Structures are given as structure tokens and as C-alpha cells.
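Q: Got a structure here, written out as C-alpha cells. Questions coming.
The values are calculated or read from the model by the stated rules, or taken from the named source; none is laboratory data. Just so we're clear, the structure is a prediction, and the values are computed from it rather than from any experiment. With ideal geometry, Cβ positions are generated from the backbone for all residues, glycine too; neighbour counts draw on all protein chains shown.
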Amino acid sequence: MFTTTMVESRLGIKRGCLKEWLSHGYIKPSIAKAAGPGTKNLFSRKDLYTLTIFKRLLSAGIRRKDAVFIIDHIDYGYSRFKVFKVFDGGYLSIDMPEIHAFVDNLLK
């Protein structure tokens with residue numbers, strides 16, 4: 001279980017950025033969503049994989065709504081490469097074992 005503060009520090013996501021992603025529904029914490037003062041967003045390890053992929057997609061120039069579509073169709077198992085036809089006609093591959101290793105290393 002990971003708090004917003006832990007997610008920001010471990011994954012290097014700025015507070016305002018994460019807050020925007022959460023408020024627009026691009027990212028959703030699977031354990032608990034903050035419901036007002038004194039409550040917290042709580043994220044699972046899978047959520048951290050999702051956040052890492054989302055951040056990388058945005059860094060690659062993918063629009064947020066398109067990144068959400070891609071994330072909604074990811075096999076979170078250990079598929080070596082998941083290839084998506086991206087909207088500009090190119091292709092994108094996501095190496096799930098690398099994503100798992102990257103996040104797991106950050107959590108050590």
C-alpha cells in the first residue's frame with residue numbers, strides 16, 4: 001500500500017501533476033480514493049506500474065486520453081512485449097518485465 005507522498009517521491013512525479021491526473025480520472029488509486037480532509041489516496045503495486053507506464057507514454061508524446069486507452073488494454077502479466085498501434089500510425093511496445101523490475105527496484 002502506497003500513499004500519494006510515497007508515489008511522488010519513489011516515481012518522481014510532481015505533486016501537482018499527480019493531483020491533476022487523479023482529478024481528471026486518468027489515474028485511479030485501486031485501494032482507496034481520498035474522500036475529503038483527513039483521508040488519503042492509497043495505491044497498489046499495480047497502480048505504480050500503471051503510473052510508470054502513464055508517465056512514460058506522456059514523455060513519448062502520447063496524449064493523456066490516448067495513454068488512458070492504452071493502459072486500459074495492457075496485459076499486466078509478464079508479457080515480454082505488448083505492442084500497440086499508436087494513433088499516428090506508428091507502433092509502441094511496452095516491456096512489462098522491465099516495468100516490473102524498474103518499479104520494484106524503486107521500492108527497495
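Q: Is it the case, given these coordinates, that His100 is out of contact with any His (no Cβ under 8 Å at 6 or more places or on another chain) and either at pLDDT 90 or above or within 23 Å of Glu8 (Cβ to Cβ) (or both)?
A: Yes: the conditions hold for His100.
Q: With the structure loaded, tell me whether Ser93 is modelled with pLDDT of 85 or more and of a type in the set (S, T, N, Q) or whether it fails that test. Don't jump to the end; show me each part of the working.
A: Numbers: modelled with pLDDT of 85 or more: no; of a type in the set (S, T, N, Q): yes.
Judged against the criteria, Ser93 is not a match.
Q: Taking region 23-43, which residues are among the aliphatic types (A, V, I, L, M), surrounded by 13 or more Cβ atoms within 10 Å (Cβ to Cβ) and over 20 Å from Leu107 (Cβ atoms)?
A: Across region 23-43, the qualifying residue is only Ala34.
Q: Scan region 61-73 and tell me whether some residue there is modelled with pLDDT under 90 and either closer than 17 Å to Glu8 by Cα or hydroxyl-bearing (Ser, Thr, Tyr) (or both).
A: Looking for residues that are modelled with pLDDT under 90 and either closer than 17 Å to Glu8 by Cα or hydroxyl-bearing (Ser, Thr, Tyr) (or both), one finds none in region 61-73, hence no.
Q: Let me ask you something else. Pick from region 1-19 the residues that are aliphatic (A, V, I, L, M) and farther than 14 Å from Lys55 by Cβ: which of them is modelled with the highest pLDDT?
A: So the first thing to find is which residues in region 1-19 are aliphatic (A, V, I, L, M), and the list is 1, 6-7, 11, 13, 18.
Then drop every residue that is not farther than 14 Å from Lys55 by Cβ, which leaves 1, 6.
Values: Met1: 89, Met6: 92.
So the residue we want is Met6.
Q: Here's another thing I want to ask about it. If you take the residues of region 20-60 that are modelled with pLDDT of 90 or more and among the aliphatic types (A, V, I, L, M), which of them is nearest to the chain's Cα centre (by Cα)?
A: Leu51
Q: For region 1-19: of the residues being over 17 Å from Ala35 (Cα atoms) and β-branched (Val, Ile, Thr), which is surrounded by the fewest Cβ atoms within 10 Å (Cβ to Cβ)?
A: Among them, the one singled out is Ile13.
Q: When residues of region 44-59 are filtered for being surrounded by fewer than 19 Cβ atoms within 10 Å (Cβ to Cβ) and in contact with a strand residue (DSSP E or B) (Cβ under 7 Å, 6 or more places away or on another chain), how many remain?
A: Adding up the residues that qualify gives 0.
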